[in-house]
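Following: one structure in structure tokens, then a few remarks.
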Amino acid sequence: MLESVAIRYRPDTAPKTTTEQRPATSRLEQKLNALRAGVLGANDGIVSTAAVVVGVAGATAATQPIMLAGMAAAIGGAVSMALGEYVSVHSRRDSEKHLIEQERRALTGDPEGELRALVHAYTERGLSPDTARRAAVELSRRDALDAQLRERHNIDPDDVTSPWHAAVASFVAFVIGAILPLLAILLPAADLRVPVTFAATLLGLALTGTVAAWIGGGSRLRAALRVTIGGALALAVTYGAGTLLGTTGMV
């Protein structure tokens, strides 16, 4: 019979996981994930803003429409990305909070059943029944809720993501990325705008692709090639569309 006394859930006395107790690798992984999200946000800012400004530049050489279109693309894209990130993270956070509360009620109402479920989860991972029982009992004595959430639901109860932090980070990353094509299209002379923007955009995309691959441990060359080829296609299509509209007199 399982040691039910080991899993008696007492929310007022269950020890909390402190920052010092968390594995250093977990904290590093969280930072790397945040950095990866920032890099990808900057990548989106670069390619989407660049596609808009070169498209407008293909239709007209006037500075004002290019600047207005670029600013609108940068601000609109940043707001859209921030809203999307907020909604996405908030939905995930609501789901996590619901699971945490559900697990808290289950531990209060049926602690022995929850311990059996935890033992089963460990055996599914390859531990022997005896080892799984000992691990489940020991971790449940320490913090039953934490053990259940981490093993069965892959949730860290002390690290529920803030949707506001995610939204602000996405907004800032997108704007930072958008600055590159805006400067590249506005600063050079009119006849150099498009080639300079193409070069600066592809260089920026190669850099973000390389950094993202470095963070994720993938091939830096392949990642850089993927994003630069994709960016080049996006720029070529929008510039071609803008040029066509300009030559036909539609704009």
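The values are calculated or read from the model by the stated rules, or taken from the named source; none is laboratory data. Values in this document were obtained by computation on a predicted structure and should not be read as measured data. Cβ coordinates were reconstructed from backbone atoms using ideal geometry, including for glycine residues, and neighbour counts include every protein chain displayed. Note: accessible area is taken over every heavy atom of the protein model, side chains too, but ligands, DNA and RNA are not part of it. Shrake-Rupley method; radii C 1.70, N 1.55, O 1.52, S 1.80 Å.
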Subject >> So Pro195, is it part of a helix (DSSP H, G or I), surrounded by fewer than 20 Cβ atoms within 10 Å (Cβ to Cβ) and not β-branched (Val, Ile, Thr) >> reply: yes
Original post:
Looking at segment 130-146, which of its residues are among the acidic types (Asp, Glu) and open to solvent by 90 Å² or more (accessible area, probe 1.4 Å)?
Top reply: Glu138
**OP:** Report the residue count in segment 147-180 for those that are aliphatic (A, V, I, L, M) and modelled with pLDDT under 85.
**Re:** 3
Subject >> So Gly113, is it open to solvent by 10 Å² or more (accessible area, probe 1.4 Å), small (Gly, Ala, Ser) and either in a helix (DSSP H, G or I) or farther than 27 Å from Leu40 by Cα (or both) >> reply: yes
**OP:** State whether the residues of segment 37-56 include one that is open to solvent by 70 Å² or more (accessible area, probe 1.4 Å) and at pLDDT 55 or above.
**Re:** yes
**OP:** Could you identify the single residue in Leu127, Leu149, Leu99 that is buried (at least 18 other Cβ atoms within 10 Å of the Cβ) and either in contact (Cβ under 8 Å) with a residue 40 or more places away in the chain or outside any helix (DSSP H, G or I) (or both)?
**Re:** Leu149
**OP:** Considering every residue within segment 178-191, establish whether at least one is assigned to a helix (DSSP H, G or I), open to solvent by 50 Å² or more (accessible area, probe 1.4 Å) and closer than 14 Å to Ile75 by Cβ.
**Re:** yes
Original post:
(1) out of contact with any Phe, Trp or Tyr (no Cβ under 9 Å at 6 or more places or on another chain); (2) touching a residue at least 40 places away in the same chain (Cβ under 8 Å); (3) open to solvent by less than 50 Å² (accessible area, probe 1.4 Å): which one isn't true of Ala206, the others all being true?
Top reply: (2)
Original post:
So, of the residues in segment 209-219 that are without any contact (Cβ under 8 Å) to a residue 24 or more places away in the chain and either within 19 Å of the chain's Cα centre (by Cα) or open to solvent by 50 Å² or more (accessible area, probe 1.4 Å) (or both), which turns out to be nearest to Ile176 (Cα to Cα)?
Top reply: Thr210
**OP:** List every residue pair whose Cβ atoms sit under 6 Å apart, with the two residues 6 or more apart in sequence or on different chains, where the first one lies in segment 76-87 and is touching a residue at least 60 places away in the same chain (Cβ under 8 Å) and the second, anywhere, is among the aliphatic types (A, V, I, L, M) and open to solvent by 40 Å² or more (accessible area, probe 1.4 Å).
**Re:** Ala78/Val175
